[in-house]
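Undergrad: Here's a structure for you.
Each value in this text was obtained by applying a stated rule to the coordinates, not by laboratory testing. Note that the structure is predicted; figures quoted are calculated from it, not measured. Here Cβ is always computed from backbone atoms with ideal geometry, including for glycine, and neighbour counts include all displayed protein chains.
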Amino acid sequence: MQPSLSRNADPPLSASRTLTHRLWGFDLCEGLPYEVGQGVVAQRAELSRVRAFLSAEYPSLTEEAIHSALQPGVDSAKRRYLETACDLIELCHGGQIVGVMVGAPEDWASYYIRIFAVKRSHQRPRLIRGFCRDYLFARLLEHGVQRVVADTSPSNVATSRMLSELQFYVTGQQLSDRWGPLVRYTKFLDRACEKAFLKRFAGIAPPGSEGKRKEVGE
């Protein structure tokens with residue numbers, strides 16, 4: 001049974017040590033809880049709750065499920081990284097967790113979504129946009145972040161479709177000993193960066209379009 005929804009108390013001390021706070025000077029979870037829509041609320045999460053949700057709903061996203069054993073020192077470092085460096089957010093509906101997001105800066109101008117998992121019953125375009133576009137992207141853009149990056153398996157059609165609907169571009173691919181083949185996606189928050197990408201890799205965008213793509217549901 002998943003923990004019940006409760007309103008967040010004062011931000012934990014670890015919030016001031018996240019990479020987001022250290023690099024960009026703000027707490028990504030400061031605006032939480034946030035009404036995403038359709039009865040879903042985004043709020044600050046704890047690592048134990050995130051792990052419990054993933055183990056129950058998406059065990060394939062955990063290293064334990066793929067039998068990737070970590071040395072004690074590495075496992076401890078992983079826990080400290082997730083607890084103090086990453087932003088942990090949960091999506092709740094009716095007192096139950098229906099989704100989680102784990103992310104952190106990838107570099108000085110890029111934010112990496114390490115995990116974004118939502119229960120199949122709540123994988124609705126309007127709900128996803130309500131959190132990603134209206135909260136996550138808006139907060140990052142407000143503080144000058146230029147792009148958001150994520151990756152997924154080429155066989156994960158649902159996630160690939162979701163990223164495409166959120167105006168992510170395919171920007172690369174990689175091979176991982178833990179996760180196998182992965183496709184890299186990038187969402188440009190800065191329009192100048194998007195125009196530069198389109199000019200270099202997709203031809204010059206038509207006049208007036210500025211590389212803008214229509215989002216599903218608009």
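Undergrad: At what distance in nm do the modelled label points of Arg161 and Leu47 sit from each other, each positioned 7 Å from its Cα along Cα→Cβ?
TA: Spacing of the two 7 Å Cα→Cβ label points: 3.5 nm.
Undergrad: Could you tell me how far the Cα centroid of segment 77-153 sits from the Cα centroid of segment 175-201, in Å?
TA: Using only Cα atoms to place each centre, the spacing works out to 17 Å.
Undergrad: Also: Ordered by packing density, taken as the mean number of other Cβ atoms within 10 Å over each peptide's residues, highest first, how do 91-97, 110-116, 34-40 rank?
TA: Numbers: 91-97: 17.9, 110-116: 19.4, 34-40: 15.9.
Output ranking for 91-97, 110-116, 34-40: 110-116, 91-97, 34-40.
Undergrad: I've got another one for you. In a solvent-free Debye calculation with one equal scatterer on each Cα, what is log10 I(q)/I(0) for segment 122-177 at q = 0.20, 0.22, 0.28 Å⁻¹, listed in the order of the q values?
TA: -0.84, -0.96, -1.22
Undergrad: Right, here's the next one. Antiparallel as a % of all DSSP beta bridges within segment 13-201, to the nearest 5?
TA: 90
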